[in-house]
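The block underneath contains the structure these notes are about, expressed in structure tokens.
What follows is calculated from the coordinates using simple rules that are stated; it is not laboratory data. All of these numbers come straight from a predicted model, not from anything done at the bench. Counting neighbours? That spans all protein chains shown, and the Cβs are built from the backbone with ideal geometry, glycine included.
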Amino acid sequence: MDYAESTPDIRQAQDHSPAIQSWPPYQSTQLCCEPTAHIRAKNLSIAYHKHSVLQNVDLEINKGCITALVGPSGCGKTSFLMSINRLTDLIPTCRVSGQLHMNEVDILAPTTNLLLLRRQIGMIFQKPTVFPFTIKKNLEIPLREHGIHPKTSLASTIETALQQVGLWDEVKDRLNHPAQALSGGQQQRLCLARALVLAPQILLLDEPCSALDPISSGVVEDLIVSLRGQYSVVIVTHNLAQARRISDHVALFWSVDGVGQLIETGSAQHMFESPQHELTAAYISGARG
Amino acid sequence: MRLLSKTIRETGATLLVWGTATSITIPFLWLIGDLLWHGWPQLSLNFVLALPHNAGREGGIGPILVSTGLIVSVCMVVALPIGLGTALFLSEYTRNNHMYGRLIRGSLDVLAGVPSIVFGLFGNAFFCQTLGLGFSILSGGLTLACMVLPILIRTVEESFRAISQDQRLSAAALGISKRATILLILFPAAIPGLLVGCILGLGRAMAETAALIFTSGYVDRMPESLMDSGRALSIHIYDLAMNVAGGNPNAYTTALVLVGLLLTINLFASWIADKWTTLNQLPT
């Protein structure tokens with residue numbers, strides 16, 4: 001399969017660089033992520049109502065890398081993502097067992113301070129979830145809640161976050177306008193800015209482009225790529241072409257007898273060019289899933 | 001032929017639907033028209049401000065308006081915090097199948113169906129006698145608070161539940177505490193629903209007669225404190241129409257004032273709710 005043909009090279013125009021003919025465009029340059037584990041899951045299992053949805057997952061997420069979780073619907077990708085920032089705690093019947101560490105912090109320990117944990121692990125959802133207030137207030141709420149409200153530099157903090165997601169020029173004249181008046185893509189970028197304003201180490205993205213039109217989706221995708229090296233990004237995506245374009249590592253989840261399992265994981269190049277497991281090969285080639 | 005009978009059936013159905021809608025509208029217009037016809041001639045600023053004379057046949061409704069305002073204020077001051085707290089508990093702190101939550105919801109549904117005269121007797125036994133508050137504006141307001149709580153709680157609970165779960169999730173994902181989520185995100189988003197709940201409660205409280213006869217009493221003097229007995233508008237109407245010969249003209253005018261007040265409050269609340277929603281959703 002010829003990747004150069006199958007993936008639209010949307011970065012060609014952006015980079016002002018000569019057309020990249022060979023796959024993968026990003027790994028052709030030096031990797032900026034470190035080969036050290038930022039998140040380590042060992043024997044991680046998740047169950048709802050005693051019904052197991054994910055079993056015995058062993059996975060390491062490398063620091064500064066973009067790791068894509070792929071696989072068909074219902075194989076536990078989102079549940080895995082939500083267990084990393086303990087949002088699974090909000091689902092009353094959900095039980096998470098096994099080991100999950102961020103650096104040396106035991107994420108699943110009952111004593112873990114969830115508010116601090118979630119400050120360090122930002123999350124973006126499938127649908128943009130701006131608060132029904134102004135653009136400015138959307139960014140102020142998390143800042144104030146975490147006691148980060150330097151009165152003098154609040155405006156500049158907000159400006160930096162909006163610039164980081166490329167939204168500043170589009171909204172600088174209407175910071176006091178309702179955030180819900182923005183387009184879907186702008187709202188998703190505002191959600192990202194809202195997470196970045198807290199200076200997290202890790203970003204969890206749950207299909208962040210699936211509810212957006214192709215152009216907005218491209219903008220958000222470029223943005224995610226620009227975060228490589230600064231944050232450890234874990235992205236759930238159903239778009240294999242996207243996973244191929246942006247990720248350093250890929251993990252394939254699959255539902256075996258109704259229970260989600262991690263089938264194979266490795267570098268994006270390995271997963272797309274020489275997968276070891278037959279399910280991976282079938283999924284990558286489009287024969288399964 | 002078949003086409004014709006189909007046309008007749010269609011026309012018949014249309015007429016039937018229009019007919020039922022009209023049968024609802026006509027009594028409403030009749031009622032308002034009748035009130036205006038009989039009540040408007042006596043309506044003046046003097047009527048609104050003056051003291052009633054000759055058992056209400058003459059004079060105005062000044063003290064009665066003041067008493068009504070005080071009774072309704074007591075009712076809302078007590079009912080709002082309790083209602084808001086319970087609604088928050090039901091929507092944010094209990095799951096749908098939570099035992100205690102189900103018990104509270106069941107109790108509220110039963111309370112909402114209790115006739116107001118029963119609330120009146122309860123208020124008389126508990127507030128007037130057991131707590132020793134006597135026939136007073138305070139007793140009346142507290143009894144009304146018990147009466148409007150079920151409707152207030154259920155409306156406010158619904159307005160909290162109507163807020164998308166995504167908002168709660170994304171607030172939690174930002175490390176925002178539950179308390180702050182409620183205070184900073186859910187509460188402002190629920191304001192329109194909160195207003196509707198208040199208006200429904202206020203409407204029920206202002207129009208109430210039976211529960212007040214036994215609790216706030218009949219006295220039509222200007223109240224000097226919350227411990228004074230005070231006559232509400234609805235009781236004044238009832239008294240003039242049923243017990244006072246020749247009281248009908250003033251009963252009509254008082255009813256006109258009451259309906260006018262209720263309509264004004266309703267319109268004002270819809271305007272505020274509308275304004276609030278627009279403010280948060282469209283460019284200003």
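How shielded is B:176-183 by partner chains, expressed as the average number of their Cβ atoms within 10 Å of its Cβ atoms? Present the calculation step by step, with values, prior to reporting the outcome.
Details: counts 9, 3, 2, 1, 5, 3, 0, 0.
The mean count of partner-chain Cβ atoms within 10 Å per residue comes to 3.
Counting only Cβ charges, +1 for Lys and Arg and -1 for Asp and Glu, the dipole size of the protein assembly as shown around its Cα centre is about 800 debye.
Ranking A:258, A:187, A:39 by Cα position along the charge dipole of the protein assembly as shown, where only Lys, Arg, Asp and Glu carry charges on their C-beta atoms, puts A:258 farthest toward the positive end.
Let me know the volume per residue of the alpha-carbon convex hull for the protein assembly as shown, in Å³.
Dividing the Cα hull volume of the protein assembly as shown by its residues yields 258 Å³.
In order along region B:116-123, phi translates into HN-Hα couplings of 5, 5, 5, 4, x, 5, 4, x Hz, rounded to whole numbers, per the Karplus curve 6.51 cos²θ - 1.76 cosθ + 1.60 with θ = phi - 60° and x for Gly and Pro.
Take each residue of peptide A:167-177, count the partner chain Cβ atoms within 10 Å of its Cβ, and average: the result is 1. Of the residues B:134, B:206, B:81, the one whose Cα sits farthest toward the positive end of the charge dipole of region B:66-243, with +1 on the Cβ of Lys and Arg and -1 on the Cβ of Asp and Glu, is B:81. Taking every alpha-carbon pair within chain B, the share separated by more than 29 Å comes to 49 percent.
Other chains near A:128-141: what is the mean number of their Cβ atoms within 10 Å of each residue's Cβ?
Across A:128-141, the average partner-chain Cβ count within 10 Å equals 4.
Ranking B:53, B:106, B:29 by Cα position along the charge dipole of region B:1-144, where only Lys, Arg, Asp and Glu carry charges on their C-beta atoms, puts B:106 farthest toward the positive end. Considering only A:195, A:211, A:181, the mean-square fluctuation computed in a Gaussian network model of chain A, springs between alpha carbons under 10 angstrom, is largest for A:181. Among A:204, A:54, A:154, whose mean-square fluctuation peaks in a Gaussian network model of chain A (Cα, cutoff 10 Å)? Of the options given, A:154 has the highest mean-square fluctuation. Straight-line cross-link partners of residue A:136 among the aspartates and glutamates, defined as a Cα under 18 Å from its Cα and at least 8 positions apart when in the same chain: A:145, A:159, A:169, A:170, A:173. Largest mean-square fluctuation among B:203, B:33, B:260, in a Gaussian network model of chain B whose springs join Cα atoms under 10 Å apart, belongs to B:33. The modelled label-to-label distance for the pair residue A:213/residue B:218, using points 7 Å beyond Cα in the direction of Cβ, is 7.2 nm. Applied to region A:128-145, the Karplus parametrisation 6.51 cos²θ - 1.76 cosθ + 1.60 on θ = phi - 60° returns per-residue 3J(HN,Hα) values of x, 10, 6, 6, x, 10, 6, 4, 4, 5, 4, 8, 6, 4, x, 4, 5, 4 Hz, with x for Gly and Pro. In terms of packing, defined here as the mean over residues of other Cβ atoms within 10 angstrom, the peptides A:113-121, B:238-246, A:78-86 line up highest first as A:78-86, A:113-121, B:238-246.
Please go through the residue pairs A:137/A:172; A:77/B:178; A:77/A:137; A:127/B:275; A:77/A:127; A:42/A:77 and name each one whose alpha carbons sit more than 20 Å apart in this structure. The answer is A:77/B:178; A:77/A:137; A:127/B:275.
Just how large is the dipole of region A:98-175 about the Cα centre, in debye to the nearest 20, putting +1 at every Lys and Arg Cβ and -1 at every Asp and Glu Cβ? Mind dumping the intermediate values first?
Numbers: 9 positive and 8 negative charges, 55 e Å.
Using only the charged Cβ atoms, the result is roughly 260 debye.
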